[in-house]
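First up is the structure itself, then whatever we jot down about it.
The values are calculated or read from the model by the stated rules, or taken from the named source; none is laboratory data. The model shown is predicted, which means the values in this text are computed figures rather than measured ones. Please note: Cβ atoms are built from the backbone with ideal geometry, for glycine as well, and neighbour counts cover all protein chains shown. When the accessible area is computed, the model is the full protein with side chains, heavy atoms only, and any ligands, DNA or RNA have been set aside. Shrake-Rupley method; radii C 1.70, N 1.55, O 1.52, S 1.80 Å.
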Amino acid sequence: MQLSLLDWSIIACYFFLVLIIGLLVSRNVKNNTRSYFLAAQNMPWWLVGISMVATTFSTDTPNLVTDLVRKNGVSGNWTWWAFLLTGMLTVFVYAQLWRRSNVLTDIEFYELRYSGKPAAFLRGFRALYLGLIFNVLIMGAVSLAAIKFGEIVLGWPGWFTLLLSCSIILVYSTMGGLKAVIITDFIQFSLAMIGSIGAAVYILNLTEIGGVVNLISHKNVIDKISIFPNLDDPNVWVPVLLIPIAVQWWASYYPGAEPGGGGYIVQRMLSARNEKHAIGATLLFNVAHYALRPWPWILIALSSLVFFPTLSDIKAAFPLLSEDKLGHDVAYPAMLTLLPPGLLGIVSASLIAAFMSTMSTQLNLGASYLVNDFYYRFINLNASEKKLVKMGRIFSVVSIILGSGLGLLLESASQAFNLLLMIGSGTGLIYILRWFWWRINAYTEIIAMLASLVIAFILSFFIPNLEDWQKISLGAILTTSIWLIAAYFTPKEDEKTLKNFVDKINPGGPGWGKYSSSNSKDSSSLPKGILSMLLGCVITYGILIGMGNLLYGYYFSAVVLLMIILCSSFLLFKIWK
């Protein structure tokens, strides 16, 4: 297909706008690490929250949703919807704790919570592991989606799509730091939402679809629309619903939904003005991410089953698509080729924006790890602030080259998604409990990381016949068992370190009884936080499912859910106030 002059003009205007904003912001960025990596810790909650949402909306996100819907129906999304549980726990329990820590990165936390050489090793190892390996893997996954989008919609070879977009990303993210990333995220998210909603509305009104009612009754779609899996078939509901809800959300370390908070979510919370702004930002993120954003993608994914029921139909429509890039996830960019001039330009720019938002965040985050927690901590303790910012820019260039290069080698969005879940399976509970249980130490985390990697390797290459959900569950059980045993047989942390941690963070809970001072706040805030987390989940899931019922025309169910949402919101307001 060919984009019109209008489409190309819209895309060019977007590139120009992002560059101008990034350069303008960079003029006011001070040449120090807190300004460069944490936006001077002065960002308002709504801007921080929208930045979180924008980062989780990459070009691969609608591709992943499309892949899940085409394979497992709408209910297949519980694979990632289940992460709302850890998201809400972060809102009402961990956001305030992270903000009190006042660390530059979540990896610096290790030498606040633990002591001695094990803590130093853990900090350095995690800096390299997350800053390079894990970060490059994430950038590779989102680069893959950009490649597929470029080949199908823009008609560009994958390397050219990455070269152009990554060059612009490097300019504004390396010049303006996190502040430039957060402000451009706002523009990118606004454009992304306009594009996804506009595309869904147009596609639903095509003659071949004829509206939502006709879509959900179509023979290719009718067995895919259920929000919940078939509970009569354990082969369906166990991997799709039970494992994500019962195991995955607390056991796996996944970007944007880390148990106990982590990665760019922590970076954004630390950039907020205070605890209140950190909590508000994280709440906005979770509601928008899980409840407000998925349905336009889901509707387009369902519509793709009408136009491209099988992979062979996609291949026939796009014969130039690389054979190793053909998968159900490409049905989303394939559907975008049906859009008219103008709207196609907006949607194309929005998906480019989504890609750039995620990549710029990962660049800044990865550079913060490599600079603060590896270079400065272990190589050059005397480095000036100016030198550290310069090293951050160098690490950003190296990371984006490695990440985009990996994207050229990957094949599908779900492949990368499952790989990320496998690598972190079983370590999540540590990140939840280390704030509240003195027994967890640096050795525990080291052993958990090594066990997770070894077990993931064995399950992937020596027991290949297991399903992905079986690998994740088995990995979580084995890894968790190993580190729990290690917690009791390895030396406990230095008592002075534990006492200083409790005095500074004041996490509360029974796990710190002998280390809490008489001046500490009432520990009852922990039960209140957990209750608020449950109510937040009810509200967000209620909005998510209620919107689905409303779209499907199930108005009675939608009204019932609305009443539940209102009651839960009232209780949450009273409790959290």
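Values as computed for the structure displayed
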read-out	value
Residue in the stretch 289-306 that is open to solvent by 10 Å² or more (accessible area, probe 1.4 Å), under 28 Å from THR174 (Cβ atoms) and not β-branched (Val, Ile, Thr) present	yes
Test: residue in the stretch 90-103 that is more than 27 Å from ALA281 (Cβ to Cβ) and open to solvent by less than 10 Å² (accessible area, probe 1.4 Å)	no
Scan of the stretch 115-137 for residues that are aliphatic (A, V, I, L, M) and without any contact (Cβ under 8 Å) to a residue 40 or more places away in the chain, ordered by number	ILE133
Qualifying position, being assigned to a helix (DSSP H, G or I), closer than 26 Å to GLY22 by Cα and open to solvent by 70 Å² or more (accessible area, probe 1.4 Å), among MET193, MET175	MET175
Number of the condition not met by PRO229 [criteria: (1) in contact with a Leu (Cβ under 6 Å, 6 or more places away or on another chain); (2) assigned to a loop (DSSP other than H, G, I, E, B); (3) closer than 30 Å to PHE186 by Cα]	(3)
Whichever residue in the stretch 309-324 is out of contact with any Leu (no Cβ under 8 Å at 6 or more places or on another chain) and part of a helix (DSSP H, G or I) and, among such residues, is nearest to ILE298 (Cα to Cα)	ASP313
Tally, over the stretch 14-30, of residues that are without any contact (Cβ under 8 Å) to a residue 60 or more places away in the chain and either touching a Lys or Arg at 6+ places or on another chain (Cβ under 6 Å) or part of a helix (DSSP H, G or I) (or both)	3
Residue that is nearest to the chain's Cα centre (by Cα) [pool: residues in the stretch 114-155 that are buried (at least 17 other Cβ atoms within 10 Å of the Cβ) and not in a helix (DSSP H, G or I)]	TYR114
Leading residue by the ranking (farthest from the chain's Cα centre (by Cα)) among those in the stretch 472-504 that are open to solvent by 20 Å² or more (accessible area, probe 1.4 Å) and closer than 23 Å to ALA246 by Cβ	ILE485
Pair list, Cβ < 9 Å and 6+ apart or interchain, from the stretch 159-179 residues that are within 14 Å of LEU408 (Cβ to Cβ) to residues that are not β-branched (Val, Ile, Thr) and not in a helix (DSSP H, G or I)	TRP159/LEU408; LEU162/LEU408
Failed criterion for PHE228 (all others in (1) under 30 Å from VAL240 (Cβ atoms); (2) hydrophobic (A, V, I, L, M, F, W, C); (3) open to solvent by less than 30 Å² (accessible area, probe 1.4 Å) hold)	(3)
Number of positions in the stretch 31-52 that are assigned to a helix (DSSP H, G or I), under 12 Å from HIS277 (Cβ atoms) and not small (Gly, Ala, Ser)	5
Hits in the stretch 42-55 (condition: over 12 Å from the mean Cα position of the chain (by Cα) and either of a type in the set (Val, Ile, Thr) or crowded, with 24+ Cβ neighbours inside 10 Å (or both))	MET43, VAL48, GLY49, ILE50
Number of the exception - THR480 against (1) within 20 Å of VAL238 (Cβ to Cβ); (2) touching a Phe, Trp or Tyr at 6+ places or on another chain (Cβ under 7 Å); (3) not aromatic (Phe, Trp, Tyr)	(2)
Selection count, the stretch 428-464, where residues are open to solvent by 60 Å² or more (accessible area, probe 1.4 Å) and within 18 Å of GLY116 (Cβ to Cβ)	1
Residue within the stretch 332-354 that is open to solvent by 10 Å² or more (accessible area, probe 1.4 Å), under 19 Å from GLY158 (Cβ atoms), at pLDDT 85 or above and in a helix (DSSP H, G or I) present	yes
Conditions (1) more than 18 Å from GLY263 (Cβ to Cβ); (2) within 19 Å of the chain's Cα centre (by Cα); number of the one not met by ASN72	(2)
Test set (1) open to solvent by 10 Å² or more (accessible area, probe 1.4 Å); (2) over 28 Å from SER26 (Cα atoms) - LEU284 fails condition number	(2)
So ARG268, is it surrounded by fewer than 23 Cβ atoms within 10 Å (Cβ to Cβ) and either small (Gly, Ala, Ser) or at pLDDT 90 or above (or both)	no
Enumeration of residues in the stretch 196-222 that are closer than 15 Å to MET335 by Cα, free of Cβ contacts under 8 Å to residues at least 24 places away in the same chain and not in a helix (DSSP H, G or I)	ASN205, THR207
Residue within the stretch 84-103 that is out of contact with any His (no Cβ under 8 Å at 6 or more places or on another chain), of a type in the set (Gly, Ala, Ser) and within 23 Å of SER196 (Cβ to Cβ) present	no
Residue that is least open to solvent (accessible area, probe 1.4 Å) [pool: residues in the stretch 1-13 that are assigned to a loop (DSSP other than H, G, I, E, B) and not polar (S, T, N, Q)]	LEU3
SER58 being open to solvent by less than 10 Å² (accessible area, probe 1.4 Å), under 25 Å from PHE395 (Cα atoms), modelled with pLDDT under 90 and not in a helix (DSSP H, G or I)	yes
